[in-house]
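Notes to accompany the following structure.
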Amino acid sequence: MVGLSTGETNFIRGGIAQDLRCDGRKRLFYRPIHVDIAVIPQANGSARVRIGGTDVIASVKAELGRPNSSQPDKGKVSIHIDCSATAAPIFQGKGGEALSTELAADLQRCLLGGKSGAGAGIDLSSLSIVEGKVCWDLYIDGLVVSSDGNLLDALGAAIKAALSNTGIPKVNVIAADATSSGDQPEVDVSDEEFLQFDTSAVPVIVTLTKVGKHYIVDATAEEESQMSSAMSISINRKGLICGLTKRGGAGVDPSIVLDMISVAKHVSENFINKLDSEIAAAEAREEES
């Protein structure tokens, strides 16, 4: 929790009301974004994203597994988040564990849709190798290195960047006995050929934080300390809603939700373009090194 004096609180709230925040931004503007890729050599893909003073890392590890019986034609994705105890005082002890669990659940909802997989921003069917028998399991790990607000958007951006850096080994099915459903087919996993993960449908997450009568994007930790509620909406390049999650005790009127979604769609266009530009620049730097 950020401790603020009455004067500081009034200054933050007054600035937001006048559309001039403490750092000079308007209500619907993000802080500068910087992306580095391939920061963890042992992973199939990884990225580091900095949004203002918030610094996060995401990595992707691909392993062969068996699909769920309820979704035999799809692979699996699991998300785990860890908040470094040095990132913020609130992360020490059980505070960090509770937030890590909350962030992982929110990312799951925003990126993977409902339990049926409907609306998922990550195409699980692309991870299937042999229906009902072999698939890719993607383990996505996120680490909060430094926290200055808006963790969910930053982690979502880092996951998107890490997936764009992910190479899935090419798999050849050597033998699959169709007459014996209990036998696992033999597969040959290439050490040299990799397929680039398609991130064209992977969304970004835009969080609208309500402070007073207004909502803002990319809230700092000080601004978050003044919020009544926040809504995070994941939107892909086509403008489709992939997921939605809310936090904060105050309720949100349904008519306001529709307005927030409309604003989030508008903001997401610039966010996606900026993030894609940063990912391309990071890829160029990686090729040069």
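The values are calculated or read from the model by the stated rules, or taken from the named source; none is laboratory data. Please read all numbers here as calculations on a predicted model, not as lab measurements. Cβ sites come from the backbone with ideal geometry, for glycine too, and all protein chains shown count toward neighbours. With ligands, DNA and RNA removed, areas are computed over all heavy atoms of the protein, side chains included. Shrake-Rupley method; radii C 1.70, N 1.55, O 1.52, S 1.80 Å.
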Checklist outcome for this item: From DSSP H assignment alone, runs of 4+ in the chain each adding -39500 (n - 2.57), the sum over residues rounded to the nearest 500 puts [θ] at 222 nm at -9500 deg cm²/dmol
Item to check | nm² value of the averaged projected area, convex hull over the Cα atoms of region 1-123 | outcome: 10.9
Checklist entry - Which listed residue (263, 43, 89) has the Cα farthest towards the positive end of the charge dipole for the chain, taking +1 on Lys and Arg C-beta and -1 on Asp and Glu C-beta about the Cα centre? => result 263
Checklist entry - By Kyte-Doolittle mean hydropathy of at least 0.5 and Cα axial length of at least 18 Å, which whole DSSP H helices of the chain are selected? => result 151-164
Checklist entry - Dipole of the chain (Lys/Arg Cβ +1, Asp/Glu Cβ -1, origin at the Cα centre): which of 245, 72, 126 lies farthest to the positive side? => result 245
Checklist entry - Ordering 48, 25 from largest to smallest accessible area (1.4 angstrom probe), what's the sequence? => result 48, 25
Checklist outcome for this item: From the cross-link list 133/246; 61/238; 76/213, the entries with a Cα-Cα span beyond 30 Å are 133/246; 76/213
Next on the checklist: What's the ranking of 209-216, 49-56 by average number of surrounding C-beta atoms within 10 Å, highest first?
Outcome noted: 49-56, 209-216
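What area, in nm² and to one decimal, does the C-alpha convex hull of the chain cast on average over all directions?
On the way: hull surface 67.4 nm².
Computing the convex hull of the Cα atoms and averaging its projections yields 16.8 nm².
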Checklist entry - By what distance, in whole Å, do the Cα atoms of region 232-289 stretch along each of the three principal axes, largest value first? => result 51, 23, 15
